[in-house]
Amino acid sequence: MSATDLTQADFAALPRQHSADQLSRPSLSYWADAWRRLRANPRAMSSLGLILALLAFVTVGPMVWTVDPSVQDVDHIGISPGADRQVTLTTPFIPWEPEALTPPTPSTGNPLGFTLAQSATTQSVRLTWADQDSPRRLYRNLFAPEDTGSFGLPLADLDTPYFEDRLDLQPETYYYTLVALDAAGEESETTATLTIDVTRVISIAQAQERGLIQPDESAEIGQTLKLAWHPLGTDYLGRDMLARLMYGGQVSLFIGLLAPLAFVFLGVIYGSVAGFLGGPVDQAMMRFADFVVALPFLLFMILFKVVFGIGPGESGILPMLAAMIILLWPAPARLVRGQILQIREEAYVSASKLLGATTPYVVGRHMLPNTLGVILVTITFQVPSAIFTEAFLSFIGMGVAPPTPSWGAMCNEGIKSMLTRPHELLFPAMMISATVLAFNLLGDGLRDALDARMRGAE
Amino acid sequence: MTHSTDNSAGSTVGAPITAQQQATRQPLLRVDDLHVDFQTYGGVVQAVRGVSFEVAAGQTLAIVGESGCGKSVTVQSLMGLIPMPPGRIHKGTATLRGHDILASKFVGGQDIRGREISMIFQDPMTSLNPTMTIGRQIAETLEVHRGYSQSQAFNRAVELLEMSKIPEAAKRAKQYPFEFSVGMLQRAMIAMAIACEPAILVADEPTTALDVTIQAQILDLLGDLQQETGMAIILITHDLGVVARMADDVMVMYAGEVVERGSVDDIFYCSGHPYTQGLRLAMPSNKRAEDGGAEQTLLAIDGSPPDLFNPPTGCAYHPRCPHAMNVCAQQAPAQYGLGSTSASNQGLSHQAACWLHHELCAAQKDQP
Amino acid sequence: MLKYAAKRIVLGLITVWFIASATFFGMHAVPGDPLTGDKALTPKIRANLEAKYGLDKPLATQYWIYLGNIAQGDFGISYTQENRRVNDIIREHFPVSATLGILAIVFAGVGGVLWGALTALYRNRWPDVAIMFLVILGISVPSFVMAAISQWSLVNLNQTAGGTVLPIGGWGSVWHMVTPALVLGLSTMAYLTRLMRSSMLEVVNTDYVRTARAKGVPATQIFSRHQLRNAILPVITVLGPAIAGITTGGFVVEIVFAIPGLGRYFVQAIQQLDYTVIMGTTVFYGAFLVFMVILVDLIYGLIDPRVRVDQ
Ligand SMILES: Nc1ncnc2c1ncn2[C@@H]1O[C@H](COP(=O)(O)OP(=O)(O)O)[C@@H](O)[C@H]1O
Ligand code: SF4
Ligand SMILES: [Mg+2]
């Protein structure tokens, strides 16, 4: 239809439409709108997922993975994740009678005649060599001597042509080096190195004791079994890392979630009372809050712990919680007071006052819902700092007392063996970082979603 | 009110340019078919949809229309102030001295902003840098465009503050914005805007944030400065009282489009568009304004403002228009030229975009 | 401004007095007393020691003596290392911590402002995304883990290089300071970067930046005169808490890198329950932090004209 095709009919009055259909854009409530924005934020949503997964890990996890976190697995001390757990059934340890053996004769390739007398197991490694007059020195190493330039741990100086090693044998590859000593007892150039793979063995009685085979179950020597499984390895005492991470997470998250909830709650009450009462009461209350804020937080946390100490059998969780609550309420109190003062000025509160609303009604109906967003964001951002505080205190030995695990305490233990067994530090550190990361990102998302002003396009 | 008739006598300062342009009918600034979009979460906001107008030297063009109709976006695109993204000027030209300022703000390597065309804003409280003295902020313009030394520029800034009728200008120049009242700040903004004697001053609701007496003073100041320098003013306002007092020409915008334009007399006395007429009716009488009722919402018209994500089809005003016809809902009306009331009108010819001026309609009904 | 400063300092002194009192009464509330150790003391020696530490006097008297001593800057004598004055310990070890802390805060402040401004300028483009990813990591990893990981990396670095590129711990030369200072400043830098970025983004959209654009001020000049200056202000306000964070973070870094600073000494004293050292260093650290916050606020007042002229 172009302008020239128009007819008189086109110029008849348009029937009056009612403006209901003009509101085609749905008007969402504040919370529904915030939730829509949050859902549109993939970072916030994945952090929310991560938080739920972490919570499931520490609550549902122990029901699925029912290993006791305090049991020490003596077969598995400080093993890395995925370590070999094969074990061969063997007879109980039978003492060696090496005197009955004929010592091996030296050959050109092996001038010392250094040989393994029997198959090497975690029960014992039995070595013999040619019988000669001068003494020998025996070393054991976990690394090839040519790589490290060292023979490793000196086991013994020997006059006899045999040695039985039973020192903390693990199912690993060992490098045994025999060095001939000269008349003066100095090491000579004549050495021989054996590379020996030690197999893990266990006697039937021991296997029954550890629950690897049932008492009535028939078992034969040479049969292979599998030892207890530690998917994330064990710590320096042989405790299962996965189980400890779960129980440690309970402690860390308990503190990390409960402390902010509690002190923000306290702060909200304090702040709304101050903000609502106003006047000199408000001034006095805020002076006191300023004063508490000025106290150096971590120093006082430390002082608190020193003063209240940790009695025998106590975990030290509650004193830490109490200290956090006592020291950290002022920040949310200030925030809420500011919000309340601001909202108090706004028209709808005066309007509802004019309509005869009571004070608690105004606070409950108008003020708190309007500050709830800010409070929620504050709590979310306080969780990471509470978790860090727990970790920091546990790290300097002022936090959760052993044997109660917490991620911070586990890091503290893990850091000591960081160079040889990094997993003991890395796993709890990763849990802390994941939690802190998730709450930080969720906090960002919540802040953006709840911020009516929608700062930029962030 | 008297302004538009005064112009015929050619009494404006800066006469040479005006005379020349009068002779050739060449406007100082000519905007053609400007379109501006914003990409937002909710969709594309079509903020400005085909705006065209002209400004002649020494004249005042008022842009009126309800909040959100695209007035600020129109002038901000002239000033290169549209944030891109989300904004996009996807069509149109704006020619100033033969140069398309939408394509580039630089002429001969120099920014035309602050030099040829400058701008003052609605909220002087936030429009000045809080950590820089007023004098330094004015001086900055002169340093940038005129290459003045710092002290030279500062001295000139004091003079400009004096021109803007700020008492104790020398002392004031060393103060920070928070030490000024709102009215004083707007004067300082004006001093800053006229520092390089621009050809055009854009004032986006310069008095909305001020109280009534200060409003009048600021408007007087703008009028006086225009007399002295011969600059053209593009004045955005909500207030038809301000239009009557200041403007030579008026452009009425609705939903990102120009619905009517013409001299101030055309618009006030022979309006050819139902929306403009609605605005006139919604304007409070002068008496009530003087009683202190000046804060009233002036542009109250029935119905809700248009949704710029999805502007109405046909004439954008049709859902609210008391004269709406079938064709209005289907097809956008063309601009109809209407005879000018003041023969001397040298700025905008009187035009209205409304089907009521179609011949078929004119045959059916009387003129509105 | 002067009146404001005086008021802040008086409030600060009151806070320090509270810290000192809380420390004193807290320590005296600890069950048992500091002399009940594993060493069996004869009553005579015990009485001597009590007299030496003033433990034989009533608590109130002890408190006044303690306050008087603190007012004169005397923190008493260590329990575990007899004949060592707490003042000497602080004098010997604090300069190490302070050097480390100053390096860290400079690193954090300069880095935070630069990276924050950069990310804001390149908002949502790859430099922003990359830096903000690192920042999020920096904020999410506890400082002792960061310290441990960097030490572990140093061990490997030195091993592959076949020599000492950077020492893995200890104190002495400038090279000993590099890694610990970086590690110590890292999380604060990450935090400041975030703050600077959002502050910068807020400033970019302000009306006065729009005014500067409308004046035709070149972009570089808008950045330096109008944006940077205003965006830095909120960063300065958090430097007080940032210093506190670096101070306590220093405890951990000093332990991991075996640096003989006051922080490490403090933690050792806590673990050995050396009461006078704990009390002395707590009060010292408390006073230090309280006055650092005041100092930062006063400096802020000098920079922001709104505060400067107001008070
Ligand atoms: N930066 C922006 N982003 C998105 N939408 C914008 C932006 N600036 C303006 N708009 C939209 O453009 C339309 C016109 O705005 P504006 O020109 O400011 O109106 P006014 O006529 O009141 O000055 C409005 O609907 C507004 O929502
Ligand atoms: S075109 Fe139709 S709807 Fe639009 S203003 Fe004219 S009469 Fe009203
Ligand atoms: Mg506007």
Added length on full extension, which subtracts the Cα-Cα distance from 0.36 nm per residue, A:ASP5 to A:LEU277: 90.7 nm
Any of B:LYS171/C:LYS215; B:LYS71/B:LYS105; A:LYS305/C:LYS44; B:LYS71/B:LYS165; B:LYS105/B:LYS174 with alpha carbons more than 27 Å apart? Name them for me. A:LYS305/C:LYS44; B:LYS71/B:LYS165; B:LYS105/B:LYS174
Can you tell me how much longer the chain between A:LYS416 and A:LEU261 gets when fully stretched, taken as 0.36 nm per residue apart minus their C-alpha distance, in nm with one decimal? 52.4 nm
Simple label model, 7 Å out from Cα along Cβ direction - B:VAL212 to A:GLU146, nm: 10.3 nm
Averaging over every viewing direction, what projected area does the convex hull of the Cα atoms of chain A cover, in nm²? 44.9 nm²
Per the Kirkwood treatment, what hydrodynamic radius in Å, one decimal, follows for the stretch A:88-203 from the mean inverse distance over all distinct Cα pairs? 14.7 Å
Using a Förster distance of 51 Å, the FRET efficiency for A:TRP31-A:ASP197 (Cβ separation, nearest 0.05): 0.20
Using the alpha carbon gyration tensor of the stretch B:26-75, what are the three equivalent-ellipsoid semi-axes (square root of 5 times each eigenvalue), largest first, in whole Å? 25, 12, 7
Is any helix in chain A, taking whole DSSP H runs, at least 20 angstrom long along its axis by alpha carbon and on average at least 1.0 on the Kyte-Doolittle scale, and which ones? A:42-59, A:241-277, A:368-395
Checked the stretch B:171-245 against the a/c 1.5 cut and the a/b vs b/c comparison, axes a ≥ b ≥ c from its Cα gyration tensor; verdict oblate
Have a look at B:ALA316, C:LEU228, A:GLY49 and report the one farthest towards the positive end of the charge dipole of the protein assembly as shown, computed about the Cα centre with Cβ charges (Lys/Arg +1, Asp/Glu -1). B:ALA316
More than 38 angstrom apart: percent of Cα pairs within the protein assembly as shown: 66 percent
Probe radius 1.4 Å, ligands and nucleic acids left out: can you give me the accessible area buried at the A-C interface, summed over both chains, in Å² to the nearest hundred? 3300 Å²
Given labels modelled 7 Å from the Cα in the Cβ direction, how far is it in nm from C:ILE65 to C:TRP175? 5.0 nm
Share of Cα-Cα pairs in chain C beyond 34 Å, whole percent, is 39 percent
In the stretch A:142-179, which residues have a backbone nitrogen under 11 Å from the label point lying 7 Å from A:SER134's Cα in the Cα-to-Cβ direction? A:179
Please go through the stretch A:92-161 and write out the chymotrypsin sites (Phe, Trp or Tyr not before Pro) that DSSP classes as loop and that have at most 14 other C-beta atoms within 10 Å. A:PHE93, A:PHE143
When every protein chain stays in place and a 1.4 Å probe is rolled, B:HIS99, A:HIS76 sorted by accessible area with the largest first are B:HIS99, A:HIS76
Using only atoms on other chains, find how many Cβ atoms lie within 10 Å of each Cβ of peptide A:281-291 and report the average. 1
Considering only protein heavy atoms, what is the solvent-accessible area of C:THR160 at a probe of 1.4 Å, reported in Å² to the nearest 10? 120 Å²
Cα axis of helix C:239-256 to longest principal axis of chain C: angle in degrees, 0 to 90, nearest 10? 60 degrees
Quick one: accessible surface of B:TYR148, probe radius 1.4 Å, all protein chains present, in square angstrom to the nearest 10. 70 Å²
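The values are calculated or read from the model by the stated rules, or taken from the named source; none is laboratory data. Values in this document were obtained by computation on a predicted structure and should not be read as measured data. Ideal geometry is used to build each Cβ from the backbone, glycine not excepted, and the neighbour counts take in all protein chains shown. Ligands, DNA and RNA are excluded from the accessible area calculation, which covers all protein heavy atoms including side chains. Shrake-Rupley method; radii C 1.70, N 1.55, O 1.52, S 1.80 Å.
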